[in-house]
1. Looking at Val18, Val24, can you tell me which residue is under 16 Å from the mean Cα position of the chain (by Cα), aliphatic (A, V, I, L, M) and more than 19 Å from Glu138 (Cα to Cα)?
2. Residues that are at pLDDT below 95, farther than 16 Å from Asp141 by Cβ and basic (Lys, Arg): does segment 78-90 have at least one?
3. Here is a check on your reading of the model: is Ile108 closer than 23 Å to Arg17 by Cα and surrounded by 18 or more Cβ atoms within 10 Å (Cβ to Cβ)?
4. Looking only at segment 8-42, count every residue that is of a type in the set (D, E, K, R) and within 13 Å of Ile89 (Cα to Cα) and tell me the total.
5. In segment 157-185, which residues are farther than 19 Å from Asp121 by Cα, outside any helix (DSSP H, G or I) and of a type in the set (Ser, Thr, Tyr)?
6. Test Trp97 against the criterion of being closer than 19 Å to Val172 by Cβ, of a type in the set (Phe, Trp, Tyr), in contact (Cβ under 8 Å) with a residue 24 or more places away in the chain and out of contact with any Asp or Glu (no Cβ under 7 Å at 6 or more places or on another chain), and give yes or no.
7. Determine whether Val160 is closer than 24 Å to Cys32 by Cα and β-branched (Val, Ile, Thr).
8. Go through Leu42, Leu53, Leu71 for me and flag whichever is in a helix (DSSP H, G or I), of a type outside the set (S, T, N, Q) and touching a residue at least 24 places away in the same chain (Cβ under 8 Å).
Amino acid sequence: MIGRAFTFVGGNTGLWRVTRQDVVSGPALPACSALDVQPGLLPELPAGADWLLRGVQSNERYVTRTEKTALVAKQPALGRAEATCAALIPIRKSQAWWDLMQDERRAIVEERSKHIALGLDYLPAVARRLHHSRDLGEPFDFVTWFEYAPAHAAHFEELVLRLRETEEWRYVEAELDLRFERAPS
């Protein structure tokens with residue numbers, strides 16, 4: 001798990017300054033002014049922090065080999081110098097989602113919602129890393145971290161809007177949309 005686990009800490013310190021903190025559905029997190037992304041799973045809220053979200057990169061659960069190959073070929077690395085904008089989007093899906101079998105969820109994610117295909121449309125402009133949190137007992141099932149250059153902000157907004165229009169999003173019962181700019185060095 002080392003290197004695959006991350007903790008997102010909202011507070012008053014961190015590399016990322018908060019520019020927006022929206023509730024799409026469900027409960028809000030306390031307002032904060034900065035975000036720190038820490039490797040590993042912090043066991044408790046650090047001093048001066050308002051909240052934390054933990055997640056682990058896991059195996060790809062809904063992609064085929066062909067889709068994974070296409071994603072890897074186009075997916076840029078996080079931490080690019082020009083990617084000074086970021087978004088953290090934690091979501092929790094309904095029990096109805098988790099009651100579906102894996103193949104039924106796959107059919108919704110890709111065959112009908114085209115989640116992977118939509119994401120490919122926005123690569124390499126937008127880099128992302130998906131974190132699974134449900135099995136950790138966290139308040140959200142997934143925490144997704146995105147990074148992009150200011151020139152690609154409109155592309156990112158379009159991606160988010162398109163995903164929210166899909167059948168898959170009918171199963172989302174809680175979603176936050178937090179936006180950031182990298183703090184000057």
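The values are calculated or read from the model by the stated rules, or taken from the named source; none is laboratory data. Please read these numbers as outputs of a predicted model, since none were measured by experiment. When we count neighbours, we look across all protein chains shown, and the Cβ atoms used for this are built from the backbone with ideal geometry, even at glycine.
1. Working: Val24 fails: more than 19 Å from Glu138 (Cα to Cα).
The match here is Val18.
2. no
3. Details: closer than 23 Å to Arg17 by Cα: no; surrounded by 18 or more Cβ atoms within 10 Å (Cβ to Cβ): yes.
No; evaluated as a whole, the condition is false for this residue.
4. Matching residues across segment 8-42 total 2.
5. So the first thing to find is which residues in segment 157-185 are farther than 19 Å from Asp121 by Cα, and the list is 170-185.
The next check asks that each one be outside any helix (DSSP H, G or I); those that pass are 172-185.
Answer for segment 157-185, where residues must be farther than 19 Å from Asp121 by Cα, outside any helix (DSSP H, G or I) and of a type in the set (Ser, Thr, Tyr): just Ser185.
6. Values: closer than 19 Å to Val172 by Cβ: yes; of a type in the set (Phe, Trp, Tyr): yes; in contact (Cβ under 8 Å) with a residue 24 or more places away in the chain: yes; out of contact with any Asp or Glu (no Cβ under 7 Å at 6 or more places or on another chain): yes.
Against the criterion (closer than 19 Å to Val172 by Cβ, of a type in the set (Phe, Trp, Tyr), in contact (Cβ under 8 Å) with a residue 24 or more places away in the chain and out of contact with any Asp or Glu (no Cβ under 7 Å at 6 or more places or on another chain)), Trp97 qualifies.
7. Details: closer than 24 Å to Cys32 by Cα: yes; β-branched (Val, Ile, Thr): yes.
Answer is yes for this residue.
8. Numbers: Leu42 fails: in a helix (DSSP H, G or I); Leu53 fails: in a helix (DSSP H, G or I).
Selected residue: Leu71, the only one of Leu42, Leu53, Leu71 that is in a helix (DSSP H, G or I), of a type outside the set (S, T, N, Q) and touching a residue at least 24 places away in the same chain (Cβ under 8 Å).
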